1. Could you list all residues from segment 219-230 that are open to solvent by 60 Å² or more (accessible area, probe 1.4 Å) and more than 23 Å from the chain's Cα centre (by Cα)?
2. If you scan segment 135-144, which residues turn out to be open to solvent by 10 Å² or more (accessible area, probe 1.4 Å) and either free of Cβ contacts under 8 Å to residues at least 40 places away in the same chain or within 9 Å of the ligand (Cβ to nearest atom) (or both)?
3. Go through (1) within 15 Å of Glu162 (Cα to Cα); (2) in a loop (DSSP other than H, G, I, E, B); (3) in contact (Cβ under 8 Å) with a residue 40 or more places away in the chain; (4) in contact with a helix residue (DSSP H, G or I) (Cβ under 9 Å, 6 or more places away or on another chain) for Thr266 and report which single condition fails.
4. Counting just the residues of segment 346-380 that are polar (S, T, N, Q) and farther than 23 Å from Gly8 by Cα, which one comes out least open to solvent (accessible area, probe 1.4 Å)?
5. Name the residue, out of Arg189, Arg205, Arg216, Arg200, that is more than 22 Å from the chain's Cα centre (by Cα), without any contact (Cβ under 8 Å) to a residue 60 or more places away in the chain, within 30 Å of Gly86 (Cα to Cα) and open to solvent by 30 Å² or more (accessible area, probe 1.4 Å).
6. Could you tell me whether Ala175 is modelled with pLDDT of 95 or more and open to solvent by 30 Å² or more (accessible area, probe 1.4 Å)?
7. Which condition does Ser234 not pass, out of (1) among the polar types (S, T, N, Q); (2) away from the ligand (no atom under 16 Å from the Cβ); (3) open to solvent by 90 Å² or more (accessible area, probe 1.4 Å), if it passes all the others?
8. Return yes when Ser335 is on the phi < 0 side of the Ramachandran plot, part of a loop (DSSP other than H, G, I, E, B) and touching a strand residue (DSSP E or B) at 6+ places or on another chain (Cβ under 7 Å) and no when it is not.
Amino acid sequence: MLTVGFIGWRGMVGSVLLQRMQEEGDFRDIDPYFFSTSQVGGEGPAAVLAAGDAGSHGTVRKSRPLGDAYDLAALRALDCIVTCQGGDYTGEVYRALRNDGWRGFWIDAASTLRMESDAILLLDPVNRDHIERGIAAGIRTFVGANCTVSLMLMAIGGLFREGLVEWVSSMTYQAASGAGAAVMEEVMRQHEVLAGISSRHLSERGGALAAESAMRVAVTESTFPTTQIGVPLSFNVLPFIDKMVEGGRSREEWKGQVEANKILGTTTIVPVDGICVRVGALRSHSQGLTIKLRRPVSLDEATELIASSNEWVRVIPNEKGETLRALTPMAVSGSLQIAIGRIHHLTMGPEYLGAFTVGDQLLWGAAEPLRRFLRMVVAR
Ligand code: HSE
């Protein structure tokens, strides 16, 4: 049975990964080892292993204490390592293991290794052939892609598959979860403070304006929770994610083109650019897309191609009621659905398509491609 080490399984992406593996019964087919960077010797994820998914090895696994995530000898003994621990951990451990001759599968959620020439980005509904060819060719480093990129390619993969996309501009509305659990918690704390203010004013006449101006004062006070984000995200939008790179682009915006093209394996770069914005949504990223097609495409054909992208795409009719009911972060969060709607030709011409897409950032944007790849490794 494949031995698989899990690192960073307690974090947000790691927890969602374990939950999905449990739902799909994936633990039955692997021999899991859990590691920790801070609680070596502690107990593993009892909920997962006690749930009857651990097969005949269940009791053995339950009693196995947490390994040291920096113990290279223990890691070297594994067939496969799945890490959701983050880029610093990858930077510290990955090279040391490879330099030591370890040839196991390294499956990573962090961005550190994404652009390495010997690493393949995981998004099997879009690039399964490439992943399979990579495994056969001896590639052993597989990395989950940027969530926004993955969710965009899941939504309009059918148009790319037909070679129809000349370029795409994505204006994003990225959820707090993309910045980590601490940011998600902080935006909820910010909401709490501001909700306290609104509850004091809303019973008054003209209460909305009074509450709004009191909130503007509250966010400048030193007690307002901004340790993580630095500024209010609650009732706000933040048009900068990550750090500045070249050309006036943020790193999040830069990833759009390089990662999308790497996943698609393009020989001629398809430009992908836009402005990435953090909003107060919790775990689903939304994107407004402008797609320049290589030829005029009818709305029916475009919609059919989009719907055929993969089995998770759900085309929402371009109509107000359905859009507001089904094409929002609240409607999509917690599901594997990739919702796409507002599909229509833009006034620029029949080669310009507008669309809006929403997907759960923690599922298809992070944990699910890793989980599915692990299944591919098990099935080899
Ligand atoms: N970089 C993304 C974000 C997270 O900040 O939302 C997932 O790739």
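1. Thr220, Glu221, Ser222, Thr223, Thr227
2. Across segment 135-144, the qualifying residues are Ala136, Ala137, Gly138, Ile139, Arg140.
3. So the condition that Thr266 fails would be (3).
4. Filtering segment 346-380 for residues polar (S, T, N, Q) gives 347, 357, 361.
In the following step, the residues that additionally are farther than 23 Å from Gly8 by Cα were identified as 347, 357.
Values: Thr347: 144, Thr357: 4 Å².
Per the criteria, the residue is Thr357.
5. The match here is Arg189.
6. no
7. The failed condition is (3).
8. Here the answer is yes, as Ser335 does meet what is asked.
The values are calculated or read from the model by the stated rules, or taken from the named source; none is laboratory data. The structure displayed is predicted, hence computed values, not measured ones. Neighbour counts run over all protein chains shown; Cβ positions are idealised from the backbone, glycine included. Calculation scope for accessible area: heavy atoms of the full protein, side chains included, ligands and nucleic acids excluded. Shrake-Rupley method; radii C 1.70, N 1.55, O 1.52, S 1.80 Å.
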